[in-house]
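**Q** Can you keep this structure in mind? I'll have questions shortly.
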Amino acid sequence: MKYVVNEGCIGCGLCEGTCPAVFSMTDSGVAAAIPDDVPDGELENAETAKNGCPVGAIEEA
Ligand code: SF4
């Protein structure tokens, strides 16, 4: 399972706070997901981050 952050991201930082193993803020002020599969044990956190994004900017890749 992989995730991507689309252009709708408003840079609120919530996903990074929920699942920093997968999501991080970039120098551009928006979030990005790691390009690799979600690490073992992080899928639930990553899914929580996806569902918690206020603008629905996180998608399954
Ligand atoms: Fe962007 Fe959504 Fe993450 Fe907020 S939760 S930084 S809007 S991807």
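Coordinate-derived values only; no laboratory data. Everything numeric in this text was worked out from a predicted model, so none of it was measured. For neighbour counting, all protein chains shown are included, and Cβ atoms are generated from backbone atoms with ideal geometry for every residue, glycine included.
**Q** Rounding to the nearest 10 and keeping the result within 0 to 90°, find how far the Cα-based axis of helix 43-52 lies from the longest principal axis of the chain.
**A** 30 degrees
**Q** To the nearest µm²/s, what D does Stokes-Einstein give for the chain at 10 °C and 1.306 mPa s, using the Kirkwood radius over alpha carbon pairs as Rh?
**A** Estimated diffusion coefficient is 144 µm²/s.
**Q** Also, quick follow-up: Can you tell me how much longer the chain between Glu60 and Glu44 gets when fully stretched, taken as 0.36 nm per residue apart minus their C-alpha distance, in nm with one decimal?
**A** Contour length minus Cα-Cα distance gives 4.4 nm.
**Q** Which FRET efficiency value, to the nearest 0.05, do you get for Ile10 and Asn51 by plugging their Cβ-Cβ distance into 1/(1 + (r/R0)^6) with R0 = 22 Å?
**A** The computed FRET efficiency comes out at 0.85.
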